[in-house]
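One structure below.
Here, each number is a calculation from the coordinates, and none is a lab measurement. What you see is a predicted model, and the numbers here were worked out from it, not measured in a lab. With ideal geometry, Cβ positions are generated from the backbone for all residues, glycine too; neighbour counts draw on all protein chains shown.
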Amino acid sequence: MPLKISLKRLLLINLILASIIPLIILFSFSNIWVKKDISEEVKVKNDIIGKLVLNHIRDYLDFFTSILNSILERVESKDINEYIQKIQKDIRQINQIIITDENGRILYTAPYDNDLIGIDLSKKEYFVNATKGKEYFSNVDINIATGEPSVYISKKKEKTLIINLDLKELKKIFCNNEIEYFITDKNNTILFSTDEEDVLQRKNVWFIKNKEEPFSIETYFKEKEFITTYIPLKKMSWGLTVLYEKEKALLPVERISRSLLYILVVVIIFSIIISALIAKKILRPLEHIRNKINYIATGNYTTDISLNGIIELNGVIYDVKNMSETIKEREEELEYLKTKYEKIMNTVPVAVMLVRENGEIVEWNDYSEKLFGFKREEVLGKKSPIIPEELREETDKLRKEIIKGRTIINYETKRKTKWGDEKYLLGFYSAIKIAEEINIVIAYIDITEKRILEEKLKNSLEESQALLKEIHHRIKNNLQIISGLLYLQSIFIEDKIAISALNESQKRIKTMMLIHDMLYKTRKLSHIEMDVYIKKLVKTFFEEMISKDYDIKHELDLDRIVLPSEKASNCGLIINEVINNSIKYAFPKNKGKIQIKLKDNKGKILLEISDNGQGFNKEEHRKGIGLELINTLVKSLDGTIQINTEKGKGTKFIIEFSY
Amino acid sequence: MKKIIILTITILLISCGKDEIKIGFIANLTGKQSTLGIDARDAIIMGFEKINNEGGIKGKKIKLIIKDDGFDKNKAIEGVKELIKDDVVLIIGHIVSAMSLATIPIINEKKIIMISPTTVSNEVSSKDDYFIRVSPPAGYVISLFAQNIYKKNIKEVSIAYDLSNKTYTEDWYNWFKKEFEALGGRINAFPFDASKEKISREFAKKIANKAVILVTSPINAGLLTQYLKQSGVKNIFCAGWALSPEFIETAGEYSEGVIFSSNFDENTKNENYIKFKEEFMKRYKRNPSFSSTHAYETIMIIREVLSNIDDYSSDSIKKYILTKKVFDSLQDDKIEFDEFGDPKPVPIFIKIKNSNFITVRNL
């Protein structure tokens, strides 16, 4: 299936695939990898710092526990009050030192406060949890006297000793501007922090992750996120949390991310600009070209498309212009052809029509309307109404054959008109393929009048032939009578020359009579088949006109040649004269052989009559009526004659003439 | 082309913008009086964390901006101005009435809603303004408290009231005086300023009487209770301000039998309260005070309001609260606001027994 996608979408996909996605991937991976590395690095750093701080805190608190223990050791001594007062005075971080009885009632405080003597601290966490074994470090508590957050270190002996440490003072010892950290009590309330406010506000820290793992602190904590390390201070049940501001730690990542973001924004802006340029320089012109093409499609070929800065697009514009001009030319050509076709179709005095295989008419020219009386709109899309019922089957069959590829020309048929009369037609049928459909083009020439004329001519010809036959018959009969009269005349004449002349004439008349008899009997009244005629002539001559005393053989070699009756008659007379002369003069012993050849010699007729007789002297016979007649007849044939004769070696007449 | 532009804008918005609702919180978070402020802050942090973890309000996360008024009027005014400058939708605060009274003119001028979880002073009652409170005005509770004390056949009382939270304490004193004297009782007034004066045994001796009423913070009340009990005072009553576990810690065994006027019942069977208490304990390893509870109720109300209005203007917030009127609470009864944004009081008394707060209906 071909992919269908618009150029706009393609540009967008290109933008996303080529720039945005790689940048986002780069952005994401750089974030993940670098963040991970930095977090690890910060964790290690935090850990080192944490341990250093931890040691410092331990040392510091050990100092206070040692003080606590030293007081406890002397608690029953006489100078205890002075000792405590001195310690409290000398060590600023100590807010208060309290000694209570076993019930938690204050026995002594330093600085001394009479009001507090007897106060019950039994509900205070630092009293409840104080043990004999080891020092207890309290949660953050508000100092009853100062109202400030503070922590207590307590330990039991016979009495309970409580030292209250000022958390504000602790800051002065632990503060390090380079690192941030805080200490939380077991309730996660900050008891010491590099930021004093955290302590004063008794901020509570919510550990998102396991305390042993690096974790993030809720954003409410200073409204910032930190990479942190938690180190438990087991002795005090406190925890040290070393902070490294996430934003600060991840500044390189932020810078990379920001740079990538800027690049992304720049890429997007550039992409937008490029897309806009593409849209302006390609898509809009393309739209314009498309509109123009649509405009061209409506038949308007005026293409005033302005050239664009893009070379390839200019190529397209040129192509469109060329295409438009070519279409215009083609259209004009087509229009010309159409007009020509229509004029030819509608001018030609031939009924032309185009039909489908099923006989449905798709084209019907003017002459068809005129010839058959049906208008175009009456027949288009319908079965042909002009086929007579009796020819319907034949027509269907014919149509199938034509569809198969047979071309039929000069097919005489008849069709009926709208008015019911019949038209005789000469039909031409051929299959043509038009737009994947095979149609049949039919042209009918109206031969109705010709047909009628032909009928008349045929009738007239038949009458003429009958008449001509009658004439030949009558000529033959007349010649028969003349021949008979000549014969009767010869009976009453005794002069041998006269009798011979009459016999000669009788033979000549028979020769002519034979022609007319053949013309009368044959169908063709003007032409004679010479081979048949010569055979009959020779046969008649030898059977009827030669005495039985003669032993003359004849040999015929005849081509099948047809000659007009006049030429045939002359030819017959020549043969008659030559044979007659041969019989009369060539064979003194009345024995011999005569050969007759009639050949078609390269479009000319060659007639050879020869005998094997004694030959003759040409000069002696030159003035004889026989040769005279032969020469006259050859001349009438426009032919030539050659007589080859030699004493004792026979004679040969060679006559050549045209058809 | 349009698609490219939309895509670009979306990317830029995703990369640049953060969809959040800013809410301010101001209370006293430092100093001797800070206990209730810290309790409220911790409950509010827990409440908003819960909302944010559940997807925020209409997909927007809450950004909480916390300010410390330091129990100082000037700091309170400054803090509120800063919050308004930070463009917060509303302000939660203050915890003590004196601070609320100091900043109400500013919030009314700037037309920004301030919802106080614990301001009970009658001085701000029945005013159509931008101040709304979740704790009912103290007047009715105090009157009832006076009646019950009188019924215990205590005809004369000493009242020590802390002028560091003058708005609340003076108001409390006046209401009590009015009611108690009307009943025929006699009052010895002992105003003091805990921010300036030391709570001394001498002061306790001065106020010692058959019955003493302490209107001060939990620590001060706790310490005074010790002094008073040691002086032989048997009947000690406290205003609701001191109702905090810190009181018991400070007063020690002398806290036994002390009675508080309150509208907060720690022993309620309200399932939401029980759940809240468990969560608070888990998170902070201490019991929630009335301040924590009312602060959490405030969060519940804010969540409902912001979930049901489209624009977060002060007028819309106010209109919703005053129209809806009844909201879920963490106590037995629902919170029912009147037309001035003051809830209907549900007075109870709290008595300490075996270091626990016990709820009593009558003294």
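Overview of values
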| item | result |
| --- | --- |
| Length released on extending from A:V562 to A:E342, taking residue separation times 0.36 nm less the Cα-Cα span | 74.1 nm |
| Ascending count of other beta-carbon atoms within 10 Å, so fewest first, for A:Y487, B:Y312 | A:Y487, B:Y312 |
| From the C-alpha gyration tensor of chain A, square roots of 5λ in Å | 159, 30, 22 |
| Between 0 and 90°, nearest 10: helix B:35-53 axis offset from chain B longest Cα axis | 30 degrees |
| Segment B:286-354 - Rg (one decimal) and Dmax (whole number), Cα, Å | 14.3, 50 |
| Cα gyration tensor shape of segment B:227-362, rounded if a/c is under 1.5, else prolate or oblate by comparing a/b with b/c | prolate |
| Loop-located chymotrypsin sites (Phe, Trp or Tyr not before Pro) in segment A:495-563 whose Cβ has at most 16 other Cβ within 10 Å (DSSP) | A:Y550 |
| Quotient of Cα Rg and 2.2 N^0.38 Å for segment A:498-564, N being how many residues it contains | 1.24 |
| Geometric extent, Cα atoms of segment A:308-388 - Rg, Dmax (angstrom) | 20.9, 70 |
| Cα gyration tensor of segment A:555-611 - equivalent ellipsoid semi-axes, whole Å, descending | 24, 13, 7 |
| Quotient of Cα Rg and 2.2 N^0.38 Å for segment A:451-513, N being how many residues it contains | 1.79 |
| Solvent-free Debye scattering, log10 I(q)/I(0), computed from the Cα coordinates of segment B:182-221 at q = 0.20, 0.21, 0.25 Å⁻¹ | -0.68, -0.74, -0.98 |
| Segment A:336-432: equivalent-ellipsoid semi-axes (sqrt of 5 x gyration tensor eigenvalues, Cα, Å) | 20, 17, 13 |
| Percent of Cα pairs exceeding the 18 Å cut-off, where the set is segment A:267-415 | 72 percent |
| Given chain A, longest segment not containing exposed loop GluC sites (Glu not before Pro) (DSSP; at most 13 other Cβ within 10 Å) | A:224-435 |
| Overall form of segment A:379-466 per C-alpha gyration tensor (a/c, 1.5; a/b vs b/c) | prolate |
| Cα centroid separation, segment A:579-643 to segment A:97-173 (Å) | 182 Å |
| Alpha carbon Rg of segment B:111-250, scaled by the compact-globule rule 2.2 N^0.38 Å | 1.07 |
| Cα principal axis extents for segment A:342-497, largest first, Å | 97, 33, 32 |
| Two-decimal log10 I(q)/I(0) for segment A:22-67, as the Debye equation yields it once each C-alpha is a single scatterer, q = 0.14, 0.24, 0.29 Å⁻¹ | -0.53, -0.80, -0.91 |
| 0 to 90° range, to nearest 10: angle between helix A:311-347 axis and chain A longest Cα axis | 30 degrees |
| Residues A:M513, A:M345 arranged by fewest to most Cβ contacts within 10 Å | A:M345, A:M513 |
| Evaluated at q = 0.13 Å⁻¹: base-10 log I(q)/I(0), Debye formula over Cα of segment A:37-135 | -0.59 |
| Cα gyration tensor, segment B:126-175 - rounded (a/c under 1.5), prolate or oblate | oblate |
| With Cα atoms, 0 to 90° folded angle of helix B:2-16 axis to chain B main axis | 30 degrees |
| Directionally averaged shadow of segment B:12-91, computed from the convex hull of its alpha-carbon atoms, nm² | 5.9 nm² |
| Relative contact order, percent, segment A:572-659 [alpha-carbon distance under 8 Å, six or more residues apart] | 33 percent |
| Principal axis dimensions, segment A:48-207 - Cα atoms, whole angstrom, descending | 47, 27, 26 |
| Mean separation of Cα contacts under 8 Å (6+ apart) over length of chain B, as relative contact order % | 18 percent |
| Exposure proxy ranking, count of Cβ atoms within 10 Å, fewest first, for A:K476, A:K168 | A:K168, A:K476 |
| Relative contact order [Cα under 8 Å, 6+ residues apart], segment A:265-350, whole percent | 23 percent |
| Value of Rg to Rh for segment A:238-284 (Rh from inverse mean 1/r over Cα pairs, i.e. Kirkwood) | 1.50 |
